[in-house]
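**Student:** The structure follows.
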Amino acid sequence: MPQVKRRVFIEPGNKVFEDKPPSSRWEPLTHPEGALYYYDSTRRIYTDADLSQLSTLTAIEAIADQLYHDARANPNIDVTGKTELVIENRSDNTCGYYFVEPDMRCIFWLEHFDATPIFGNVRRVRNMGHISNMLSKLSTVVLEELKQMIIHAAAITITSLTSVAPFEKEELESMLDLVNNIEGTVDGSFAHTRCVVARFMSEFTRAKFFNFCGQPGARLDSDQTIYSQDHEHQSILFIFASILLFGAPQTHQKDLKVIWVDRIINRVLWKQFIGKLGDQWAGLALSATVILNANVAFLAITTVQAAAKLLSYLSVACSIGVVILVLLLVRQNQTRDGGSVEQADALLTSMSQSFFGTEMLAITYGLPYGLLMWGLVSFAAAFATLVFGTESNRTRGVVGFAGLLIFCFVVVVTRMGRHQNNPGEDKSAV
């Protein structure tokens, strides 16, 4: 649409502010989201092309006539009185189309259709029963089915930590309230309620397709892979970084593997992961400022040795690095809308295609924690250098005993954390 400002005059006494239909056949309609489309009720044809242009109207009419002629001429294609045709006018002087069979809730074409692009990252799609999950037309008579699906999804979300439901429990409750409110209005004259049902059903249909619902080896848990997996080898860089950063990259890599199963992102887990990261980074930044203030007070002591000063300077550098990294990471997440599934899918796809895969992302997310730990260790070493270099034997003994006791506590907590992250194979049956 050209950006040209024109003067618009309203005729005296004009009371009709509606555009004249381009043809008596085509009725202009407005989608609840605002898009304009046209409907030919006689031939049951929909199109979003701008039929106000005579050339476009002529082209769409010709294409529709040709498609119906080819369909009826093909003995293998059954066009009923309820069959609908959808035509899309593309920018490259071509048109896309598909036929809809409402009673069977499916769409079809007149020639071989390469459905691979609509499958996304889902691989090994072979069975027609599986493909039907993506080619279903969302009818307005499925309100009760949608209601039962929401109730079931809410139940498994409550009772399972690895639910494959595409929404969180709070979202499902809101959806159920909406469905209850629109019950009895779907068959009315307003398209808004039908649009709501279609949107909700499309999300559940996509989830069924991604999880191979109704197929051998269907995914029943969010962390379950449906493909045979080779043993994954960690790169030397990742192993080295995990050691330097106190195991933080391994924790994030484990979370990413659960979120990014079979190159398909889990929307619920990703939102929880981003929320957890935000809270963690905020806590790390606060801790870094505390350590920074402690170092400033420590350096004000006149009797601090050169070695202790050097360690304190290192702690200051690490603390400043934590604050800077947290600010950058939070800003990046806010700029690219980190909670968005589309953005997350693009990010993980891009990272998985790189040499190190998602390992680099795990290392990046683990940098603030690792630097904070180094800042804390450096400050503790500087404090120990000061105490054991200038204080009396009694003071050294008390501080040494306290330090040893704290070290034992740290070891115990670390071992408990490892046990929680790697539970034994024996699990009690329910």
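**Student:** What ranking, highest mean first, results for peptides 362-368, 42-48 when packing means the other Cβ atoms within 10 Å averaged over each residue?
**Tutor:** Details: 362-368: 22.4, 42-48: 16.4.
The densest-packed peptide leads the list: 362-368, 42-48.
**Student:** Mind jotting down the three principal axis lengths of the chain based on Cα atoms? Whole angstrom, largest first.
**Tutor:** Computed over the Cα atoms, the extents are 101, 65, 43 Å.
**Student:** Which Cα, out of Thr162, Val399, Ile63, lies furthest along the positive dipole direction of the chain (beta carbon charges, K/R +1, D/E -1)?
**Tutor:** The residue sitting farthest along the positive end of the dipole is Val399.
**Student:** Relative contact order (percent) for the chain, with alpha-carbon contacts under 8 angstrom and 6 or more residues of separation?
**Tutor:** On the way: 419 pairs, mean separation 45.5, N = 430.
Relative contact order of the chain: 11 percent.
**Student:** Would you mind checking the stretch 349-386 for residues with the amide N under 15 Å from a putative spin-label position 7 Å along Cα→C-beta of Ala307?
**Tutor:** The answer is 378-386.
**Student:** Here is a further query. Rounded to the nearest 0.05, what FRET efficiency do Phe190 and Thr58 have when you use their Cβ-Cβ distance and R0 = 45 Å?
**Tutor:** Working: r = 32 Å, r/R0 = 0.72.
That gives a FRET efficiency of 0.90.
**Student:** Neighbour counts of other C-beta atoms within 10 Å: give me Ser242, Ser24 arranged from fewest to most.
**Tutor:** Numbers: Ser242 22, Ser24 7.
Arranged by neighbour count, lowest to highest, Ser242, Ser24 become Ser24, Ser242.
**Student:** Between Tyr37 and Phe388, what is 0.36 nm times their sequence separation minus the Cα-Cα distance? Round to one decimal in nm.
**Tutor:** Values: separation 351, 0.36 × 351 = 126.36 nm, distance 8.06 nm.
118.3 nm is the gain from fully extending Tyr37 to Phe388.
**Student:** Using mean Cβ contacts within 10 Å as the protection proxy, how do 28-34, 280-286 order, highest first? Please list the in-between numbers first.
**Tutor:** Values: 28-34: 11.0, 280-286: 16.0.
Going by the mean number of other Cβ atoms within 10 Å, highest first, we get 280-286, 28-34.
**Student:** Report for the chain the percent antiparallel among DSSP-assigned beta bridges with both residues inside it, nearest 5.
**Tutor:** Details: 19 of 22 bridges.
Antiparallel bridges: around 85 percent, rounded to the nearest 5.
**Student:** While we're on this one: Which of the aspartates and glutamates could a cross-linker bridge to Lys20, judged by Cα under 20 Å and excluding same-chain residues fewer than eight apart?
**Tutor:** The reachable aspartates and glutamates, counting only those whose Cα sits under 20 Å from Lys20, are Glu11, Asp40, Asp48, Asp50, Glu61.
Taken together, the values in this text are just the output of simple stated rules run on the coordinates, not laboratory data. This is a predicted model, so every value here is computed, not measured. FYI the Cβ positions are ideal-geometry reconstructions off the backbone, even for glycines, and counts take in every protein chain you see.
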